[in-house]
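The values are calculated or read from the model by the stated rules, or taken from the named source; none is laboratory data. The structure displayed is predicted, hence computed values, not measured ones. Cβ atoms come from the backbone with ideal geometry, glycine included; neighbour counts cover every protein chain shown. Calculation scope for accessible area: heavy atoms of the full protein, side chains included, ligands and nucleic acids excluded. Shrake-Rupley method; radii C 1.70, N 1.55, O 1.52, S 1.80 Å.
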Amino acid sequence: MLGLPDGVRGCLFDMDGVLTRTARIHAAAWRTAFDDFLREHAERTGVPFVPFDEVTDYERYVDGKKRLDGTRTFLAARGADLPEGSPDDPPGTPTLYGLSNRKNDLVSAYLDERGVEVFEGSARYVRAVRDAGLHRAVVSSSANTERVLAAAGLADLFEARIDGVVAQERGLAGKPDPDMYLAGAEALGLKPAEAAVFEDALAGVAAGRAGDFAFVVGVDRLGQADALREHGADIVITDLAQLLRP
Ligand SMILES: [Mg+2]
């Protein structure tokens with residue numbers, strides 16, 4: 001019925017790009033935050049300005065990761081060495097925290113402006129999972145998870161939430177480390193071998209593979225099925241409803 005192997009008793013869902021169409025909001029926020037910095041960096045150093053690419057740079061360097069890890073990884077790839085700074089650096093300060101805080105402010109503003117769009121096939125699938133008596137958790141690096149789920153009207157469907165806020169409190173490593181997914185399974189009282197992972201990010205499917213979960217479903221929103229498989233997806237689909245059989 002649900003397209004999952006026997007023995008799976010629960011599902012762990014990434015949020016942005018799996019449940020909600022918010023990956024685009026994140027990509028746009030990263031682009032604005034990084035491009036403003038890269039433009040100044042180009043003027044200061046003479047290095048040519050190359051804008052952040054919302055598809056390739058997003059997927060390769062930042063998608064699915066904790067915000068600070070994303071900032072650090074992308075800037076390192078561009079050869080821009082910034083000091084870490086501190087968590088309360090004002091948004092836009094030329095530090096890893098300053099740029100990360102700017103990105104978060106932009107996400108907040110875009111969420112206010114544009115609202116949250118739900119992938120209808122995902123909502124149907126999660127309801128079917130619930131109706132079949134399987135456990136459900138959201139595992140997202142986003143610090144805005146609670147707010148986005150509420151705005152999407154999906155909050156009631158999940159028994160547990162492991163998000164950027166919880167990861168910070170508990171010192172959990174970000175994806176591609178399996179820490180957050182392992183915490184999600186534990187919150188549902190499940191072993192990894194009893195849980196399926198649903199992910200659209202390369203770092204996320206890699207986390208599912210690293211945690212030895214029963215099944216890793218790659219959700220392909222960007223036309224990167226092969227890369228999802230290479231990073232650990234057992235199957236790749238473009239819509240969760242494809243798993244529902246009549
Ligand atoms: Mg995602």
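Considering each residue of region 167-187, count those that are within 15 Å of Phe13 (Cβ to Cβ) and either open to solvent by less than 20 Å² (accessible area, probe 1.4 Å) or under 13 Å from the mean Cα position of the chain (by Cα) (or both), and give that number.
Result for region 167-187: 6.
In region 94-116, how many residues are open to solvent by less than 40 Å² (accessible area, probe 1.4 Å), closer than 13 Å to Ala33 by Cα and in a loop (DSSP other than H, G, I, E, B)?
Counting residues in region 94-116 that are open to solvent by less than 40 Å² (accessible area, probe 1.4 Å), closer than 13 Å to Ala33 by Cα and in a loop (DSSP other than H, G, I, E, B) gives 1.
Cβ-Cβ below 6 Å, separation at least six or inter-chain, first residue in region 195-216 and in contact (Cβ under 8 Å) with a residue 12 or more places away in the chain, second more than 13 Å from the ligand (Cβ to nearest atom) and among the acidic types (Asp, Glu): which pairs?
Phe215/Asp234; Val216/Asp234
Look at Arg60 and say whether it is within 16 Å of the ligand (Cβ to nearest atom), open to solvent by 50 Å² or more (accessible area, probe 1.4 Å) and under 22 Å from the mean Cα position of the chain (by Cα).
Working: within 16 Å of the ligand (Cβ to nearest atom): yes; open to solvent by 50 Å² or more (accessible area, probe 1.4 Å): yes; under 22 Å from the mean Cα position of the chain (by Cα): yes.
For Arg60, the condition - within 16 Å of the ligand (Cβ to nearest atom), open to solvent by 50 Å² or more (accessible area, probe 1.4 Å) and under 22 Å from the mean Cα position of the chain (by Cα) - is met.
Run His26 past the list (1) within 12 Å of the ligand (Cβ to nearest atom); (2) under 19 Å from Ala137 (Cα atoms) and report the number of the one that doesn't hold.
(2)
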